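Here is the structure we will look at.
The values are calculated or read from the model by the stated rules, or taken from the named source; none is laboratory data. Everything numeric here is computed off the predicted structure, so don't read it as measured data. So basically every Cβ, Gly included, is an ideal-geometry build from the backbone, and we count neighbours across all protein chains shown. Ligands, DNA and RNA are stripped out before the accessible areas are found, and what is left, the full protein with its side chains, is counted by its heavy atoms. Shrake-Rupley method; radii C 1.70, N 1.55, O 1.52, S 1.80 Å.
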Amino acid sequence: WNERNTRLCLQCNRGVEETVEHLVLECSVYEQERESLMDVVHEQCGENKWNARCVEEDSGMRYLVGLDEECNMTVVDAMKDFLVYAWNKRQGC
């Protein structure tokens, strides 16, 4: 829930539920930050392998946060950076 007590994303105004997956993988407001994250993901695991992960039940989120059996700390660090950038952008920093 956001500051307006709604589950809808107030960042992109697409009328979709604001989930972690939406924030990390879909929200257009964070496109630039996501590109940096995806550059690291593609470099570390390969674009084809990442695309295969995206159709999994968790949309690849377990891999991004280091809970997958193929934990990659470079990807986890890039994910942390993404979240910091997204949070700062959201706060207007």
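All of (1) in contact with a helix residue (DSSP H, G or I) (Cβ under 6 Å, 6 or more places away or on another chain); (2) modelled with pLDDT under 95; (3) open to solvent by 30 Å² or more (accessible area, probe 1.4 Å); (4) not in a loop (DSSP other than H, G, I, E, B) hold for residue 11 with one exception: (4). Residues that are among the hydroxyl-bearing types (Ser, Thr, Tyr) and within 18 Å of residue 92 (Cα to Cα) were ranked within region 12-61; the one that is farthest from the chain's Cα centre (by Cα) is 28. Checking the structure you have, find out if any residue of region 82-89 is without any contact (Cβ under 8 Å) to a residue 60 or more places away in the chain, hydroxyl-bearing (Ser, Thr, Tyr) and assigned to a helix (DSSP H, G or I). Yes, the conditions are met somewhere in region 82-89. Considering only residues in region 53-78 that are within 21 Å of residue 22 (Cβ to Cβ) and loosely packed, with under 12 Cβ neighbours inside 10 Å, the one that is modelled with the lowest pLDDT turns out to be 57.
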